[in-house]
Amino acid sequence: MDIFKFGGASVKDAAGVKNLANIVRDYRKGNLLIVVSAMGKITNQLEDLTKAYLAQSDETHAIFDEIKNFHFQIIEALFEGKANPVYDDVANSFVEIDWLIEDEPDNDVDYIYDQIVSIGEVVSTKIVAAWLNETENKSLWVDARNYIQTDNTYREGKVDWLKTNQIIQRDLVPILADNIVVTQGFIGGTSENYTTTLGREGSDYSAAIFASCLDAAALTIWKDVPGVLNADPKWFDETEKIPQLSYHDAIELTYYGATVIHPKTIKPLQNKGIPLLVKSFIQPEGLGTAITGENNPLPIPSFIFKVNQALISIFPKDYSFIIEENLSNIFELFHKHKIKINTMLNSAISFSVSVDDHPAQIEKLIKDLSAEFTVKYNKGLELVTIRYYNQNTIDRVTVDKDILLEVKSRHTCQMVMRGKNKIDSI
């Protein structure tokens, strides 16, 4: 049993879908389940559709028409007008959203988001399954919402692992004996049969859930890079592929913001000792990166950049110590406003954190914090994390930068920085 996961970039057009079928043909070893994301940047467009619908914008139907046309153009390019049930199948899937946006919003915003945005994965997998069957890769489309069971936390569904495992073992294992199964990433279902999503970019996590419950031999994530690189090519002209990573280092890198793997992906695989392979759908013959239980240190330093950061510094109004009770109150407010802390530093009378700069959320957070604390807020910053750092690597990324906060451990250095002479604080 193997699991293949293909992201949006791998199926952004008809050529990508054909390439996926070729990879399945050439690299399938036995029973196979394929997890597929929404095509291209469709999730972004579906988010735009959700915002437009919630605002009751005149653009709502135009945005949805563009999304539908995009998918039908891919179907046409694949089947060239040849009769295939996928035309009606995809059209019927879109009807669900047509019905929803005909009425005014009357439900929770996060619930509405999940019902609309999830359609991207549903439609992409129907197209992929149809093309695999067209190319004699006997496949069956299945609905991940019937297998991955979650609570009612919309946009961040929490998986009911016991129930999910029972359903997969009972209902999915028999199907896999005779078919390649094509299913969706990112989405799950509640006990009331409502759609939930597992968090942005959550398709990797979906694949890991299926891999764990099926005791897969391996999970392969097919990307547009040759494997896990030691830095994002957007920031470095020269990068190196890391041939092997431990689960521990992979978790560290994803926690600090490396985007090649979703942060929740590793734990289900590590629990079962299932290898994670990151390979290129552009050059599938390459070895890629293997993430396993072997605890070898990274052979080279790795760099992770997060831009659009805000540094929030919190001080007691009476110059008392930042003690456990204060920290408990502070963390409770961060949790209330759903703001994730990227790095933090505590001193006797201050507590500073770097977070993604979402102004509306941060404004509410600061208002609540200010009832008890003095709060200072710097924005327009960047957070650089270096795993297995040395002074040369630090010097490399701090040229013409002011360091506002620095946190070091044995293997990791994090720095919150801004360009010199740039002042943007509140």
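For the pair Asp13 and Glu372, label points projected 7 Å from Cα toward Cβ lie 5.5 nm apart. Each of Ser328 and Ser350 was given a label point 7 Å from its Cα along the Cα-to-Cβ line. The distance between the two points is 2.6 nm.
In percent, how large is the relative contact order of the stretch 286-426, given Cα pairs closer than 8 Å and 6 or more residues apart? Provide the component values of the computation, followed by the final result.
Numbers: 230 pairs, mean separation 40.8, N = 141.
Averaging sequence separation for qualifying contacts and normalising by length gives 29 percent for the stretch 286-426.
A dipole drawn for the stretch 1-79 from +1 and -1 charges on Cβ atoms has a positive end, and of Ala52, Ala21, Ile67 the residue lying farthest that way is Ala21. Taking a straight line from the alpha carbon of Lys138, these lysines sit under 16 Å away, with near neighbours fewer than eight places off in the same chain left out: Lys18, Lys29, Lys126.
If you scale each eigenvalue of the Cα gyration tensor by 5 and take the root, what three semi-axes come out for the stretch 97-220, rounded to whole angstrom and sorted largest first?
Numbers: eigenvalues 129, 68, 27 Å².
Computed over the stretch 97-220, the values are 25, 18, 12 Å.
Per-atom-type breakdown for the chain gives carbon and sulfur 49% of the accessible area (1.4 Å probe, protein chains only).
Stick to Cα atoms and the Kirkwood definition of Rh, then tell me Rg/Rh for the stretch 133-178. Intermediate values should be presented prior to the final figure.
Values: Rg = 13.5 Å, Rh = 12.2 Å.
Ratio of gyration radius to Kirkwood radius: 1.11.
Heavy-atom accessible surface of the chain, averaged per residue, reaches 47 Å², computed with a 1.4 Å probe. Annotation: amide H-H contacts under 5 Å for Val182 (H modelled 1.01 Å from N, sequence separation of 5 or more, or interchain): Ile34, Leu140, Trp141, Val142.
Convex hull volume per residue, computed on the Cα atoms of the chain, equals 166 Å³.
With the radius of gyration and the Kirkwood radius both derived from the Cα set of the stretch 295-426, what is their ratio Rg to Rh? Intermediate results must be reported in sequence, preceding the final value.
Details: Rg = 15.7 Å, Rh = 15.7 Å.
Taking Rh as the inverse mean 1/r over Cα pairs, Rg/Rh reads 1.00.
Return the long-range amide H neighbours of Lys5 (sequence gap of 5 or more, or a different chain), with a cut-off of under 5 Å between placed amide H atoms. For Lys5, the qualifying residues are Val35, Thr220, Ile221, Trp222.
Relative to its residue count, the stretch 296-371 spans a Cα convex hull of 122 Å³ per residue. For the stretch 20-28, the Karplus equation 6.51 cos²θ - 1.76 cosθ + 1.60, evaluated at θ = phi - 60°, returns couplings of 4, 4, 5, 5, 4, 4, 8, 10, 6 Hz by residue, with Gly and Pro reported as x.
When DSSP assigns beta bridges and you keep just the ones with both residues in the chain, what percent turn out antiparallel, to the nearest 5?
Numbers: 45 of 71 bridges.
Percent antiparallel among DSSP bridges in the chain is about 65.
Relative contact order of the chain: 13 percent, from C-alpha pairs under 8 Å at least 6 residues apart in sequence. Sequence-ordered 3J(HN,Hα) estimates for the stretch 300-316 from the Karplus curve with 6.51, -1.76 and 1.60 and θ = phi - 60° stand at 9, x, 10, 10, 10, 10, 10, 9, 6, 9, 10, 9, 9, 10, 10, 10, x Hz, glycine and proline given as x. Rounded to the nearest 10 degrees, the angle from helix 359-369 to the longest Cα principal axis of the chain is 40 degrees. May I ask for the angle, rounded to the nearest 10°, between helix 324-336 and the longest principal axis of the chain, with both axes built from Cα atoms and the value confined to 0 to 90°? Orientation of helix 324-336: about 40 degrees from the principal axis.
May I ask you to compute the full-extension gain from Thr135 to Lys379, defined as 0.36 nm times their residue separation minus their alpha-carbon distance, rounded to one decimal in nm? Numbers along the way, then the final one.
Working: separation 244, 0.36 × 244 = 87.84 nm, distance 5.20 nm.
Difference between extended and current length: 82.6 nm.
Karplus-derived 3J(HN,Hα) values for the stretch 279-286, using 6.51 cos²θ - 1.76 cosθ + 1.60 with θ = phi - 60°, are 10, 9, 6, 7, 10, x, 6, x Hz; glycine and proline are entered as x.
Considering only the other residues whose Cβ falls under 14 Å of the Cβ of Ile221, what net charge follows from Lys and Arg at +1 and Asp and Glu at -1? Display every interim value, and only then the final one.
Working: positive: Lys5, Lys223, Lys264, Lys279; negative: Asp2, Glu201, Asp204, Asp224.
After counting each charged neighbour, the total is 0.
Taking 51 Å as R0, compute the FRET efficiency from the Cβ-Cβ separation of Gln244 and Glu363 and round it to 0.05. The formula returns an efficiency of 0.70 here. Near the amide H of Ile341, within less than 5 Å, lie no amide hydrogens of residues on another chain or at least 5 residues away, with H placed in the peptide plane.
In deg cm²/dmol and to the nearest 500, what is the mean residue ellipticity at 222 nm of the chain if only DSSP H runs of at least 4 residues count, each as -39500 (n - 2.57), divided by the residue total?
Numbers: 14 runs with 158 residues, N = 426.
That calculation yields -11500 deg cm²/dmol at 222 nm.
Net charge near Ile362, counting Lys/Arg +1 and Asp/Glu -1 over other residues with Cβ under 13 Å of its Cβ? Net local charge, Ile362 excluded: +3.
A full extension of the chain between Leu162 and Lys82 corresponds to an added length of 24.4 nm, given 0.36 nm per residue minus the alpha carbon distance.
Using the Cβ-Cβ distance between Asn22 and Ser320 with R0 = 56 Å, the FRET efficiency computed as 1/(1 + (r/R0)^6) comes to roughly 0.30. Exceedance of the 22 Å cut-off in Cα-Cα distance is limited, within the set Lys376/Lys401; Lys223/Lys340; Lys234/Lys364, to Lys223/Lys340; Lys234/Lys364. Between helix 203-213 and the chain there is an angle of about 70 degrees, using the helix long axis and the longest principal axis of the Cα atoms. Projecting the Cα positions of Asn165, Ala130, Tyr154 onto the charge dipole of the stretch 76-196 (unit charges on Cβ atoms of Lys, Arg, Asp and Glu, taken about the Cα centre) puts Asn165 furthest along the positive direction.
With charges set only on the Cβ (+1 for Lys and Arg, -1 for Asp and Glu), what does the dipole of the chain come to about its Cα centre, in debye to the nearest 20? Mind dumping the intermediate values first?
Working: 42 positive and 59 negative charges, 319 e Å.
Approximately 1540 debye in magnitude.
The values are calculated or read from the model by the stated rules, or taken from the named source; none is laboratory data. This is a predicted model, so every value here is computed, not measured. As a convention, Cβ positions derive from the backbone with ideal geometry for all residues, glycine included, and neighbour counts pool all protein chains shown. We work out accessible area using only protein heavy atoms, side chains counted, and drop any ligands, DNA or RNA first. Shrake-Rupley method; radii C 1.70, N 1.55, O 1.52, S 1.80 Å.
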